[in-house]
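Chemist: Let me give you the structure first, and then I'll get to my questions.
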Amino acid sequence: MGIPTYLLNDGRHLPAIGLGTYGLRGEAGTTAIVSALEQGYRLLDTAVNYENEAEVGEAIRRSGLPRAEVLVTSKIPGRHHRYDDAVASTRASLERLGLDHLDLHLIHWPNPSQGLFVEAWQALVDLREQGLVRSIGVSNFTQAHLERLVAETGVAPAVNQIELHPAFPQAEMRAVHAELGIRTESWSPLGKRQAQYDAPAVRATAEAHGVTPAQVILRWHHQLGSVPIPKSGDPARQAANLDVFGFTLSEAEVAAVTALGRPDGRLFGGDPDVHEEM
Ligand code: NAP
């Protein structure tokens, strides 16, 4: 079954699932990313701070796939928010990737105490004009951060990549995104080491559909309208994680997974109003 795509607010398309690449480094990382492309992934999520942009670029070349068939996301780190630094950061990412454009480029964290994310956003707007990036977005932005971008630049992000998994379903941010025309992407979509595979709402639903608990969780993201980017270095798990477009959860099953959410369900306390990454 093919991967559906979403139409973004800038007229471009985004696959409904991608591969997270955090931790996929070195030769083993490159091999794992090539494997994911062979399984059918067409969206790869990297970042300057993952220190694996070279591996991502190498994997695309090794896969033999036409460049136009693979979408690459990277992210500007907190230490590069000043306008000139954001431009230089993007050029350096392209250099490491060995590519002439990024398909989606994000501001990794808003770092509000620095107060520079609007400068980074203006750089992204200009880089898009120049063709170095196709779609532009943000990550870990709150409603207030998003509204400030729109108020000061008139440009809404195409995507906001946020922490979203069953323990932290982000109903309020999903509603904000719907209002602003922003596509949600889910980071740590499985919940990483705290994945709730054994929660009855997940395990019983998996048994009912003849799928795995991870597939239930990834399908839940899809039915929320969010793009999950699960990371796996294992070819079998990569393939299974991609195979979530051939079954449908009932509304009650979706609601039961959402009900696993807790106010303190974040994995490491990454509240973007206070947590900052450089
Ligand atoms: P995740 O995708 O929720 O979980 C990854 C973990 O789950 C790995 O240990 C993986 O191990 C395991 N796994 C994958 N598929 C599985 C399956 N079917 N069954 C059982 N275990 C499975 O967590 P994540 O890597 O933190 O998040 C995904 C991506 O989001 C990252 O790689 C990164 O690209 C992005 N991210 C972005 C931000 C941000 O601030 N924007 C923050 C965190 C993450 P194996 O590799 O052994 O399969």
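Chemist: Quick check: is even one residue across the range 164-175 in a loop (DSSP other than H, G, I, E, B) and out of contact with any Gly (no Cβ under 7 Å at 6 or more places or on another chain)? Steps first, answer last, please.
Modeler: Within the range 164-175, the subset in a loop (DSSP other than H, G, I, E, B) is 164, 166-167, 169-170.
Among the residues that remain, those that are also out of contact with any Gly (no Cβ under 7 Å at 6 or more places or on another chain) are: 164, 170.
Scanning the range 164-175 turns up at least one residue that is in a loop (DSSP other than H, G, I, E, B) and out of contact with any Gly (no Cβ under 7 Å at 6 or more places or on another chain).
Chemist: Please determine whether any residue of the range 249-272 is in contact (Cβ under 8 Å) with a residue 60 or more places away in the chain, near the ligand (Cβ under 9 Å from one of its atoms) and assigned to a helix (DSSP H, G or I).
Modeler: No, the range 249-272 has no match at all.
Chemist: Given the criteria within 30 Å of Leu116 (Cα to Cα), in contact with a strand residue (DSSP E or B) (Cβ under 9 Å, 6 or more places away or on another chain) and either open to solvent by 10 Å² or more (accessible area, probe 1.4 Å) or modelled with pLDDT of 95 or more (or both), does Ile217 qualify?
Modeler: Numbers: within 30 Å of Leu116 (Cα to Cα): no; in contact with a strand residue (DSSP E or B) (Cβ under 9 Å, 6 or more places away or on another chain): yes; either open to solvent by 10 Å² or more (accessible area, probe 1.4 Å) or modelled with pLDDT of 95 or more (or both): yes.
Against the criterion (within 30 Å of Leu116 (Cα to Cα), in contact with a strand residue (DSSP E or B) (Cβ under 9 Å, 6 or more places away or on another chain) and either open to solvent by 10 Å² or more (accessible area, probe 1.4 Å) or modelled with pLDDT of 95 or more (or both)), Ile217 does not qualify.
Chemist: Let me spell it out: the conditions are (1) open to solvent by 50 Å² or more (accessible area, probe 1.4 Å); (2) away from the ligand (no atom under 16 Å from the Cβ), and Ala156 meets all of them except one. Which number is the exception?
Modeler: (1)
Chemist: Can you tell me which of (1) more than 27 Å from Leu8 (Cβ to Cβ); (2) out of contact with any Pro (no Cβ under 9 Å at 6 or more places or on another chain); (3) near the ligand (Cβ under 9 Å from one of its atoms); (4) of a type in the set (Ser, Thr, Tyr) is the one Ser232 doesn't meet?
Modeler: Unmet for Ser232, out of (1) more than 27 Å from Leu8 (Cβ to Cβ); (2) out of contact with any Pro (no Cβ under 9 Å at 6 or more places or on another chain); (3) near the ligand (Cβ under 9 Å from one of its atoms); (4) of a type in the set (Ser, Thr, Tyr): (1).
Chemist: For the range 44-58, how many residues meet the condition of being in contact with a Ser or Thr (Cβ under 7 Å, 6 or more places away or on another chain) and either within 11 Å of the ligand (Cβ to nearest atom) or hydrophobic (A, V, I, L, M, F, W, C) (or both)? Step through it out loud before you land on a result.
Modeler: Filtering the range 44-58 down to residues in contact with a Ser or Thr (Cβ under 7 Å, 6 or more places away or on another chain) leaves 44-48, 50, 52-53, 55-56, 58.
Narrowing the set further to residues that are either within 11 Å of the ligand (Cβ to nearest atom) or hydrophobic (A, V, I, L, M, F, W, C) (or both) leaves 44-48, 50, 52, 56.
Of the residues in that region, 8 qualify.
Chemist: In this structure, is Glu69 open to solvent by 10 Å² or more (accessible area, probe 1.4 Å), of a type outside the set (Val, Ile, Thr), at positive phi and within 19 Å of the chain's Cα centre (by Cα)? Reasoning before the result, please.
Modeler: Numbers: open to solvent by 10 Å² or more (accessible area, probe 1.4 Å): yes; of a type outside the set (Val, Ile, Thr): yes; at positive phi: no; within 19 Å of the chain's Cα centre (by Cα): yes.
So Glu69 does not fit the description; no.
Chemist: What is the residue count in the range 178-190 for residues that are crowded, with 22+ Cβ neighbours inside 10 Å and assigned to a helix (DSSP H, G or I)?
Modeler: Looking only at that region, the number is 0.
The values are calculated or read from the model by the stated rules, or taken from the named source; none is laboratory data. As the structure is a computational prediction, the values presented were derived from the model and not from experiment. All Cβ positions, glycine included, derive from the backbone under ideal geometry; neighbour counts span all protein chains shown. Heavy atoms of the whole protein, side chains included, go into the accessibility calculation; ligands, DNA and RNA do not. Shrake-Rupley method; radii C 1.70, N 1.55, O 1.52, S 1.80 Å.
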